[in-house]
Amino acid sequence: MLDVDCISVCYGQIRALRRVSLKVPRGSVVSLVGANGAGKSTLMMTIAGALRPTEGRIAFDGRPLPAGPHRVVAAGISLVPERRRLYANLTVRENLLMGAHLRRDREGIHADIDRLCGLFPILKERFSQYAGTLSGGEQQMVAIARGLMSRPALLLMDEPSLGLAPLITRQVFSIIADLRRQGTTILLAEQNAHQSLEISDYAYVLESGEVVLEGSGQVLLNDVRMQESYLGIRKKNGRPVR
Amino acid sequence: MEGLVLKLPLAFQTLVTGLAIGGIYALMAVGYSLIFSILNFSNFAYGMVIMLASFLGYFAMSGLGLGLGPALLCAMLGAALLSFLNERVAYSSLRRRRAPPLYFMISAMGTSIFLENMVYATIGSRYNAYPELFAVPTLNIFGASIGKMDLFAMVFSVLAISALTFFIHHTRLGIAIRGASYDASMAELNGVSLDWLIGTVFALAGLFAGLSGVFLGIKYMAYPNMGWITNKAYIAAVIGGLGSLPGAVAGGFLLGVLETFVSVYLSSTLRDVFSFSLLILFLVLMPSGLFGKTLEEKV
Ligand SMILES: Nc1ncnc2c1ncn2[C@@H]1O[C@H](COP(=O)(O)OP(=O)(O)OP(=O)(O)O)[C@@H](O)[C@H]1O
Ligand SMILES: [Mg+2]
């Protein structure tokens, strides 16, 4: 469905991505693991159309990715950005409507808002409150819901668990699992490697802007290099120690 | 006691006169703030759009013999187009290059100087009076006399600002404008075409420039050097808080009333000294104005 082919992305002189390739098949959850500054957000923003690769191609549904983020949304890709980036000056309801900006089907929009309020009860409680006044966890729920309001075929989620308490993090991951069961294709960037690998079909490991490792979630969970660098498991005498 | 009774009507008259001019300031400040809220810079060319609108209204009424309603419509549409072109010509390429606000400001000043001199060169520096609209131009309410036109302008200003407030809170496009004023690149990620949205905001601000241009022209005539009065829009917007619509309205009325009190009770020559001192005072002591967003929130 999404085919990223050998792209490089630069910020001025700094090259943040080097010849990165990845594929996200329809209906799957693919995760992107890497330390701070590895280039996860850069890749997400590039797929969302906000950054332009200096080389390589991105294809979505067999067609080249359109230029400009607003056209990418229209093509069916939606980003839940790092640090949520809610419109603090808008209410929760208006934030959701922003997510549905390109849709014209009033009834469908309201039906989706109702459905999402079922999925995230906090939305209904805070419906008319300014998004800037919500707690971090509540904001994350709103950000995910806003991302879903465009009914994307592919949902990009950039560190949805960032800054959340473990309990809320678990909730977020169970929502991702739910979304997947409902057929949404997801590309997930996470530092929380353990939990994201567990719900992923496939994963890529980024290091300094390059893909250094890839494989199915289960294979990576058992990979020695993965365990040492990202899963906080060190091997002593051949046996894993936490 | 006797003195107080005698003076009260003057104070009331001053208040009424102040509100009348304040309504026009509010109109201008609203358009100004709308642009500031989305591009974060002071569009000094906006005053020139108001001046041109004032000429448009003048020509529509004196030249074509149109009534006030059609003339307002002409001026509003014309100013909307001019404001839109102002953005496309002077700012859109800066925007694409992500130039800092200073560049926008310089481009705005260049545009202002160009437009003002173009009017001097083509139409001339004369003062052009609008035709008289009412046989008896004033009305008496509770002992204060108010121009019928002032009253009409005030009512119309309030209506226009209410309509804008409704639009900005209850329509898809209005919500997008507010969202983009907070985080434009996020709005783009939500499917908003910024080019389109910013064009709309400038056209919308142009409608307000058109209204206020005609009202100003009727009150003070149309002439190329109207900048001294359109600058009041900037002062009103700073008092209310740049980028805030309720702030622009409050700032406009407040400035109109205070200014009129100064010119009645102190001296009319002090009026503009007072207004610009107020501007400096606010910029130094209270840069976010009465209703403004704090600077942290803007980032
Ligand atoms: N706007 C920018 N200008 C210049 N360099 C940038 C910019 N944004 C990111 N970078 C650099 O690009 C590299 C990749 O950053 P990126 O934000 O993609 O990393 P990340 O994997 O998302 O990290 P994190 O886990 O901390 O979010 C970093 O070295 C960063 O310093
Ligand atoms: Mg990141």
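Brief remarks follow.
- Using θ = phi - 60° and Karplus 6.51 cos²θ - 1.76 cosθ + 1.60, couplings along the range B:28-45 (whole Hz; Gly, Pro as x): 5, 5, 5, x, 4, 5, 4, 5, 4, 5, 9, 10, 6, 8, 8, 7, 5, 6
- Using the alpha-carbon positions of the protein assembly as shown, Rg (one decimal) and Dmax (whole number) come out as 28.7, 104 Å.
- For A:SER31, neighbours were defined as the other residues whose beta-carbon sits under 12 Å from its Cβ, and their charges (Lys and Arg +1, Asp and Glu -1) total -4.
- Counts of other chain beta carbons within 10 angstrom of each beta carbon in peptide B:193-205 average 1.
- Take each residue of peptide A:86-92, count the partner chain Cβ atoms within 10 Å of its Cβ, and average: the result is 5.
- Counts of other chain beta carbons within 10 angstrom of each beta carbon in peptide A:66-74 average 4.
- The residue among A:THR185, B:PHE208, B:TYR91 whose Cα reaches farthest toward the positive pole of the charge dipole of the protein assembly as shown, with charges on the beta-carbon of Lys, Arg, Asp and Glu, is A:THR185.
- In order along the range B:189-196, the phi-based Karplus estimate (6.51 cos²θ - 1.76 cosθ + 1.60, θ = phi - 60°) of 3J(HN,Hα) comes to 5, 8, x, 7, 7, 5, 3, 5 Hz; Gly and Pro are listed as x.
- Residue-averaged 222 nm ellipticity for the protein assembly as shown, from DSSP H runs of 4+ at -39500 (n - 2.57), nearest 500: -17500 deg cm²/dmol
- Antiparallel DSSP beta bridges within the protein assembly as shown, percent to nearest 5: 60 percent
- Shape of the range B:185-299, Cα gyration tensor, a/c cut at 1.5: oblate
- Inter-site label distance for B:LEU77 and B:SER185 at 7 Å from Cα along Cβ, in nm: 4.0 nm
- Counting only aspartates and glutamates at least 8 places from A:LYS124 when in the same chain, those with an alpha carbon closer than 17 Å to its own are A:GLU94, A:ASP112, A:ASP114, A:GLU138.
- In straight-distance terms, cross-link reach from B:LYS219 covers every one of the aspartates and glutamates whose alpha-carbon lies under 18 Å from its own, apart from those fewer than eight places away in the same chain; here that gives B:GLU132, B:ASP150, B:GLU259, B:ASP272.
- Among A:139-151, B:16-28, the order from most to least packed when residues are scored by Cβ within 10 Å on average: B:16-28, A:139-151
- Computed on the range B:13-285, with alpha-carbon pairs under 8 angstrom and 6+ residues apart, the relative contact order is 42 percent.
- GNM flexibility winner over chain A from A:LEU43, A:LEU188, A:LEU231 (Cα, springs under 10 Å): A:LEU231
- Comparing A:VAL29, B:MET28, B:LEU245 along the charge dipole axis of the protein assembly as shown, the residue lying farthest to the positive side is A:VAL29, per the Cβ-charge model.
- Kirkwood hydrodynamic radius (C-alpha pairs) into Stokes-Einstein, the range A:39-194, 37 °C and 0.692 mPa s, D in µm²/s: 206 µm²/s
- Modelled spin labels at B:SER267 and B:ALA135, positioned 7 Å past Cα toward Cβ, are 4.3 nm from each other.
- Loop chymotrypsin sites (Phe, Trp or Tyr not before Pro), the range A:175-232 (other Cβ atoms within 10 Å of the site Cβ: 11 or fewer; DSSP): none
- Electrostatic dipole magnitude of the range B:13-285 [Cβ: Lys, Arg +1; Asp, Glu -1; Cα centre; debye, to 20]: 280 debye
- Cβ-based charge dipole, chain B, positive-most Cα from B:PHE104, B:SER277, B:PRO224: B:PHE104
- If only the Cβ of Lys and Arg carry +1 and only the Cβ of Asp and Glu carry -1, the dipole of chain A around its Cα centre is close to 140 debye.
- Charging the Cβ of each Asp and Glu at -1 and of each Lys and Arg at +1, and nothing else, the dipole of the protein assembly as shown about its Cα centre rounds to 900 debye.
- Contour excess over end-to-end distance, with Cα ends at B:ALA163 and B:ARG97 and 0.36 nm allotted per residue: 20.3 nm
- Fraction of alpha-carbon pairs over 29 Å apart in the range B:13-285 - percent: 30 percent
Every number in this text was worked out from the coordinates using simple rules, so none of it is lab data. Everything quoted here is computed from the prediction, not taken from an experiment. In this analysis, Cβ positions are derived from the backbone assuming ideal geometry, glycine residues included, and neighbour counts consider all displayed protein chains.
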